Amino acid sequence: MSSTMLMIILGLAIVTYIPRMIPLVFFKSEKIPASVQGVLKNVPFAILGALIFPGVLTISDNIMFGIVGAGAAFLAAYLGANLIIVVMVSVSVLSTYAYFFS
Amino acid sequence: MQAISVTKSESGFTDGLKAGISIAIGYMPVALTFGLLARTTGLTLYEAVLMSVLVFAGAAQYITLSLLAIGTGAFEIIFTIFIVNIRHLLMSASINEKVMDDSPWKKAIYAFGITDETFTVSATKQGELTTGYMYGLCLISYSSWVAFTGGGYIVGASLPSVIQQGMSVALYAMFIGLLIPSAKKSRKVLFLAGVAALLNSLFTWAHFSTGWAIVLATLLSSILVEWIVGMKSNE
């Protein structure tokens, strides 16, 4: 293994770990103002929106792939399917679509 | 009492493992492709696997490969990835509001496992998160990531094209599956996700880097909604 590559990997490990660790280890929930706590509690649902769009539309050069896959997942989830089933349904539908249209 | 608390933490661990199955499945195509790309970029097997073992961050690792491919210097790569990872700060602070109190050492260990996926799965779960749950969730996700990185490199091929294309939606399907049940019940959730999705699309279109676009969209939406809720309760 080249020493430059090892140095890059170690550097990446550090800059990736530090932001993950600092709040969990050093932030004290009771010392954080209520308004900031409120914002932090909103983060999971906001980030879900940002993680889905526009990324899902770019999984293939053909925008229809993202629409078909996301549509299948949406339908399965809306009908109350369990998380793993949602993933399986979406992957199966899109694989079938890819088989016929790519 | 000792026996009871042990059983409880074990079941938390098992719950975490189960909750992580979707993530482990979703990581499979992404990690296989990473292994394959690492090989074509010129990394050795050990370098590729070591990166997944020590870094465990999909976006960061993919961006690193593309920077290495165009001959970017070490410092610039590390700095770019630091920016990409700013959102981990936000996720770690948010999940800290939801996990049970525990020793800093135990929290420092599972903090390594915070990714977009482990965060969204744990943060949308009802109730307080036990340390055991976080260990289980992160462990199964991490194992999948590392194993399939090596697998992709060694086999030197990804899944059959049709399955590969189908599986490219897996993690997005998981995010959708996490969002919809809560969005059905709460207009606030729908609004939070909708505003963030819109802002992120706008920022992406305006060529913000991925790291900043997601952080800004998430923060602005979270603050805006908190502000509106605050205004309503003051009336």
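Computed from the coordinates by the stated procedures, all read-outs in this text should not be read as laboratory data. Only a predicted model underlies this, so the values are computations on that prediction, with no experimental measurement involved. Note that each Cβ is placed from the backbone with ideal geometry, even for glycine, and that neighbours are counted across all protein chains shown.
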With 5 Å bins from 0: P(r) over chain A, alpha-carbon pairs, percent: 2, 10, 11, 13, 12, 10, 13, 15, 9, 3, 1, 0
Kyte-Doolittle at least -0.5, axis length at least 18 Å by Cα - qualifying DSSP helices, chain B: B:2-19, B:21-41, B:131-155, B:170-185, B:187-205, B:210-234
Reach of A:K28 by Cα under 17 Å, taken over aspartates and glutamates that are not fewer than 8 positions away in the same chain: B:E97, B:D101, B:D102, B:E128
12 Å beta-carbon shell around A:S35, net charge (K/R +1, D/E -1): 0
Ascending count of other beta-carbon atoms within 10 Å, so fewest first, for A:I52, B:I25: B:I25, A:I52
Taking B:K106, A:K28 and counting other C-beta atoms within 10 Å, the order from fewest to most: A:K28, B:K106
Sequence-distant lysines (8 or more away, or on other chains) whose Cα lies within less than 26 Å of B:K18: A:K41, B:K8, B:K98, B:K106, B:K107, B:K125, B:K184, B:K185
